[in-house]
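For reference, the structure discussed in these notes is given below.
The values are calculated or read from the model by the stated rules, or taken from the named source; none is laboratory data. None of these values were measured; they are calculated from a predicted model. Please note: Cβ atoms are built from the backbone with ideal geometry, for glycine as well, and neighbour counts cover all protein chains shown. Side chains included, ligands, DNA and RNA excluded: accessible areas come from the protein's heavy atoms. Shrake-Rupley method; radii C 1.70, N 1.55, O 1.52, S 1.80 Å.
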Amino acid sequence: MTTKGTLYGVGLGPGDPELVTVKAARLIGSADVVAYHSARHGRSIARRIAEPYLRDGQLEEHLVYPVTTETTEHPGGYAGAMEDFYAEAAERIATHLDAGRDVALLAEGDPLFYSSYMHMHTRLTERFDAVIVPGVTSVSAASAATGTPLVQGDEVLTILPGTLPAAELTRRLADTDAAVIMKLGKSYPEVREALSATKRLDRAFYVERASTDQQRVLNAGEVDEASVPYFSIVMVPGEAAHPRNGRSPVASLAPGHSPVASLAPKKGSVAVVGLGPGDLDWITPQTRRELARATDLIGYFPYLDRVGVRTGQTRHPSDNTDEPARARLACELAQQGKAVVVVSSGDPGVFAMATAVLEEAKAWPDVPVRVIPAMTAAQAVASRVGAPLGHDYAVISLSDRLKPWDIIAKRVSAAAAADMAIAVYNPASKTRTWQVGAMKELLLAHRDPATPVVIGRDVAGPREQVRVVTLGELNPAEVDMRCMLIIGSSQTQWHGDRVFTPRYYPR
């Protein structure tokens, strides 16, 4: 009985034969059959890389794609033509494996990284043993070609196919610290559009045929869109990794091209960010980027605990009372050149730190302050029951620590008389226990006792609890500092566990 052969998925690296691993070279030379792909022109990049390691007399299987980017008359279109090709190619390789011959199937870069090998692997490994030989990826080669590290520390790297729509590329670029964009060719105009939209074009590298004698490294903004081959890459280094010494590697690697704009030492600044109500999935990409870039984080210590510790960052936790002191510290650090992030829960501009920082910043004219929006607690609580804030609504804090109760009472009465739904922040605390009862009496002067009231406690936290009661049934003793309330209007409807306020109003 003939022993079946083994399939070897052999990674060849990005193009330079000297970047083929020792193991890959050994297996190429010892295999009974060497298989490789090419377009219809017949020139195989994989075979060219492996040629120094081939031996005389080896069988070769040349797998020629029926189409690459051109159109096809296949009844199933491009997808149908490729499916038939992969099925036929797999059977050609299976014939050798059934005969006991070992097959080295060559793959540029790494066999399991955007490689044609994967199509053979999924079709053959149920019948034959397979061994994967990893290779140096084109990403590593392109990074080496720029002379610039892609990421440092806790920066996040995202690898994207350039064939994505421009809007999707833009979204994903905006959500990462550093990026690699592959599969360029005809898609380069969309890639350039996404780089421009995310303000990355001036620090992006274009690398063509990395590690080969045809390698080119350019500024991404200076590339002739009509001459971009499929095997090219755009590299967007993270800010921590990007050269800051005024000299770009492109200046030496590609004479005659202007260097990528260097990032001069940054002036200090303050960003006030919101973490949302508690769920990590509700933190926006923009906030994540600000947190990653910060040198100093300032905030109430439970909020800072929700932010992962990063190497090189200094944290300044405090209690939740002295907001002016936190704002002053933020401006002082920014004046020293620090990238400061002040952390709030929910949205920083809604009963949070943005106003305190902006007020303090009036005395620091050289300190730029940015406010980064986030999901509010009101939005989070509302979402748990449906859409109780679907029409006009007011947002009122019951805390009388920073404003007198008579002002609060007037606003509650005015919102109730105007028949708006009301989102109630800070309804109670350990030292403020009577305000909810007083608010209830004010509301009942204008609202039916059957009006639905949503009580959200610790929404998105580990002890989340959301209940709906009527205004008449509302028990102030059940409301604490972890709660927020949503009071319906006369039009708010309550059906089972769903509460919503229609967008229309009776005429």
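Some points to look at:
- 1 or more residues closer than 28 Å to LYS440 by Cβ and in contact (Cβ under 8 Å) with a residue 40 or more places away in the chain: qualifying helices (runs of 4 or more DSSP H) within the stretch 305-401: 377-385
- Just one of the listed residues (LEU150, LEU97) is open to solvent by less than 50 Å² (accessible area, probe 1.4 Å), part of a helix (DSSP H, G or I) and touching a residue at least 60 places away in the same chain (Cβ under 8 Å), and it is LEU97.
- Residue that is farthest from GLY135 (Cα to Cα), among those in the stretch 14-25 that are among the charged types (D, E, K, R) and in contact (Cβ under 8 Å) with a residue 24 or more places away in the chain: ASP16
- All positions within the stretch 351-362 that are open to solvent by 40 Å² or more (accessible area, probe 1.4 Å), of a type in the set (A, V, I, L, M, F, W, C) and at pLDDT 95 or above: LEU358
- Breaking point among (1) open to solvent by 50 Å² or more (accessible area, probe 1.4 Å); (2) touching a Lys or Arg at 6+ places or on another chain (Cβ under 7 Å), for TYR86: (1)
- Of all residues in the stretch 4-22, none satisfies being in contact with a Phe, Trp or Tyr (Cβ under 6 Å, 6 or more places away or on another chain), assigned to a helix (DSSP H, G or I), at pLDDT 90 or above and open to solvent by less than 20 Å² (accessible area, probe 1.4 Å).
- Condition met for ARG40 (at pLDDT below 95, open to solvent by 60 Å² or more (accessible area, probe 1.4 Å) and in the same structural domain as HIS119 (by the TED database)): yes
- Applying the criterion of being acidic (Asp, Glu) and at pLDDT below 95 to the residues of the stretch 461-483, the residue that is surrounded by the most Cβ atoms within 10 Å (Cβ to Cβ) is GLU464.
- Any hit, the stretch 449-460, residues being hydrophobic (A, V, I, L, M, F, W, C), more than 18 Å from ALA417 (Cβ to Cβ), open to solvent by less than 50 Å² (accessible area, probe 1.4 Å) and assigned to a helix (DSSP H, G or I): no
- Residue list for the stretch 402-443, restricted to those being among the β-branched types (Val, Ile, Thr) and in contact (Cβ under 8 Å) with a residue 24 or more places away in the chain: ILE408, VAL412, ILE422, VAL424, THR433, VAL436
- Among the residues making up the stretch 106-128, those that are assigned to a loop (DSSP other than H, G, I, E, B) and not charged (D, E, K, R) are PRO111, LEU112, PHE113, TYR114, SER115, SER116, THR125, PHE128.
- GLU91 vs. criteria open to solvent by 50 Å² or more (accessible area, probe 1.4 Å) and at pLDDT below 95: no
- Selection from the stretch 153-165 of residues that are open to solvent by less than 50 Å² (accessible area, probe 1.4 Å) and either assigned to a strand (DSSP E or B) or closer than 24 Å to LEU19 by Cα (or both): THR158, LEU160, PRO161
- Residue selection: VAL436 satisfies the criterion of being under 13 Å from LEU485 (Cα atoms), β-branched (Val, Ile, Thr) and open to solvent by less than 20 Å² (accessible area, probe 1.4 Å).
- Under the condition of being open to solvent by 50 Å² or more (accessible area, probe 1.4 Å) and either touching a strand residue (DSSP E or B) at 6+ places or on another chain (Cβ under 8 Å) or part of a helix (DSSP H, G or I) (or both), the residues counted in the stretch 70-83 number 3.
- Hits in the stretch 316-336 (condition: polar (S, T, N, Q), farther than 14 Å from ALA352 by Cα and open to solvent by 70 Å² or more (accessible area, probe 1.4 Å)): GLN335, GLN336
- Scope the stretch 403-420; condition at pLDDT below 95 and open to solvent by less than 30 Å² (accessible area, probe 1.4 Å); matching residues: none
- Residues that are in a loop (DSSP other than H, G, I, E, B), open to solvent by less than 60 Å² (accessible area, probe 1.4 Å) and not aromatic (Phe, Trp, Tyr), drawn from the stretch 43-67: SER44, LEU54, GLN58, PRO66, VAL67
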